[in-house]
Amino acid sequence: MSLEHSYRAIVIGVSAGGLEALSLILPELPESFALPIIVVQHLCEGRENNIPKYLNSKSSILVKEADEKEVIQPGTVYLAPAGYHLLIETDRSLSLSLDPRVNYARPSIDILFESAADVYEEELIGIILTGANNDGSHGLRKIKQLGGLTIVQDPVTAASDCMPLMAIQATEVDHILALEEIGPFLRRFHSTL
Amino acid sequence: MLLEAVYHRYGYDFRHYARASLTRRINHLFQRSGLKHLSEMIPKVLHEELFFDQFLNHMSITVTEMFRDPYFFAAIREKVIPALRTYPFIKIWHAGCSTGEEVYSMAIALKEEEFYDRSQIYATDYNKKSLFIAQEGIYSISYMQQYIDNYNKAGGKCSLSDYCFAKYKSVKMSDSLKENITFAHHNLTTDGVFGEMNLIICRNTLIYFDRTLQDRVLNLFADSLCYGGFLCLGTKETLDFSTVKNQFETLSKREKIFKKIT
């Protein structure tokens, strides 16, 4: 990994155990953190989703739910709304889809990661965290294939090790990190936005 | 290039669909087609009618259910229908009606609010196969439990089973619901105004369009609505980026119901 390499976006996929994992990583990032972070967390569809508000209250950077056609801004965390797939357009805007579930999941991590890889290619960092299914393996592999940086949470530290394990099996991942190492690791990246 | 070819040959315009999800669908079709190169799809789509049908169906996969987003239907009963009661007769346009579940849901809500007899519903879609299914009104019984839950949450006054009858693995919507519904072919990307409406429902269709096409369609809706008429969008959709934004005020921020004030 070269620190001179300029990255422009981070995508994170997480499932069971997601709230705790994100609560540990996001507060580690300083207010000046410049990269946007787009997150798919597998969620139950309910009336209210308080997770963006909760995470926003714990972070120095802005955390919000992704809005239809919203243009991605630096230093902002976007969370996929429950029940919708989240995709990235070539003009760096976010779009939603109600296509059928993929691996029983909507939002699907694979769908986000694959569309992000198409747009950002080698300027993308992809991170797979704890989870109980195999969503995200294909997506992470595509990120790697297009030259991006791939990180997986060490299965040993994961609340559910299935998703990290499947991701590691599918791709030669660049870094396997314990949960508490991920925030400090990301702090080293600044984009030239 | 494929989209240009489809437009020139068939008149279906996918050129301003949101690219990311469109690309995904095209890739999916390509993987299932057994072709070796994406460019091979162009002659196949242009010259093989069956393949074009497949293409068209792939482009309009929509997930729908009866009383989807039940609180939306509750808001219709509580806020929209009371406001429309002053009219002796109303016209409703369900744009992008897909396979019809949401149209029948509206019909049921109107019946229970004793407003059905004063309503004429136009249900349109560009996909003829979906329209056919909508017209038949026959759905798989496996979804019924979900539909019953939705119906109840939406403020249903009786029982969903009062409006349909079951046979084997299917459920057929009763003919009385169809009396005031006209199903018709209409393409939002290319077609124009066909009547003056009191209520337009177009939910979770605009998310598949880019901003340019969204604006075209929202202008079409604004032109098709009478003063005081209502426009209903999907829960994550917005008027914010459109040129018609100032023609509306928000009746329900959460359920995305807007009232025309010009």
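The values are calculated or read from the model by the stated rules, or taken from the named source; none is laboratory data. All values reported here derive from a predicted model rather than from experimental measurement. Here the Cβ positions follow ideal geometry from the backbone for every residue, glycine too, while neighbour counts run over all protein chains shown. What goes into the accessible areas is simple: the full protein's heavy atoms, side chains included, and nothing from ligands, DNA or RNA. Shrake-Rupley method; radii C 1.70, N 1.55, O 1.52, S 1.80 Å.
General observations
- Which numbered condition B:ARG211 misses (of (1) over 28 Å from A:GLU45 (Cβ atoms); (2) more than 16 Å from the chain's Cα centre (by Cα)): (1)
- Scope segment B:239-259; condition basic (Lys, Arg) and within 10 Å of chain A (Cβ to nearest Cβ); matching residues: B:ARG254
- Residue count for segment B:99-113 satisfying the condition of being open to solvent by 10 Å² or more (accessible area, probe 1.4 Å) and in contact with a helix residue (DSSP H, G or I) (Cβ under 7 Å, 6 or more places away or on another chain): 2.
- Listed by position, the strands (runs of 3 or more DSSP E) contained in segment B:59-154 that have at least 3 residues being aliphatic (A, V, I, L, M) and at pLDDT 95 or above are B:90-95.
- Applying the criterion of being closer than 17 Å to A:LEU98 by Cβ and within 11 Å of chain A (Cβ to nearest Cβ) to the residues of segment B:205-232, the residue that is surrounded by the fewest Cβ atoms within 10 Å (Cβ to Cβ) is B:ASP210.
- Within the option set B:THR250, B:THR235, being modelled with pLDDT under 95, closer than 30 Å to A:ILE88 by Cβ, open to solvent by 10 Å² or more (accessible area, probe 1.4 Å) and not aliphatic (A, V, I, L, M) holds for one residue only, B:THR235.
- Annotation note: of B:TYR116, B:TYR87, the sole residue that is touching a residue at least 24 places away in the same chain (Cβ under 8 Å), open to solvent by less than 20 Å² (accessible area, probe 1.4 Å) and hydroxyl-bearing (Ser, Thr, Tyr) is B:TYR116.
- Of the residues screened, B:SER33 is not one that is closer than 22 Å to B:LEU220 by Cα and modelled with pLDDT under 90.
- Residue match in segment A:118-141 (condition: in contact (Cβ under 8 Å) with a residue 60 or more places away in the chain and polar (S, T, N, Q)): yes
- A:LEU62 vs. criteria touching a strand residue (DSSP E or B) at 6+ places or on another chain (Cβ under 8 Å) and either without any contact (Cβ under 8 Å) to a residue 12 or more places away in the chain or open to solvent by 40 Å² or more (accessible area, probe 1.4 Å) (or both): yes
- Residue count for segment A:145-170 satisfying the condition of being of a type in the set (Ser, Thr, Tyr), over 23 Å from A:PRO27 (Cβ atoms) and at pLDDT below 95: 0.
- Output for segment B:189-204, where each listed residue is surrounded by 19 or more Cβ atoms within 10 Å (Cβ to Cβ) and farther than 16 Å from B:VAL244 by Cβ: B:ASN198, B:LEU199, B:ILE201, B:ARG203, B:ASN204
- Residue under evaluation B:LYS236, criteria (1) away from chain A (no Cβ under 14 Å); (2) in contact with a strand residue (DSSP E or B) (Cβ under 9 Å, 6 or more places away or on another chain), criterion not met: (1)
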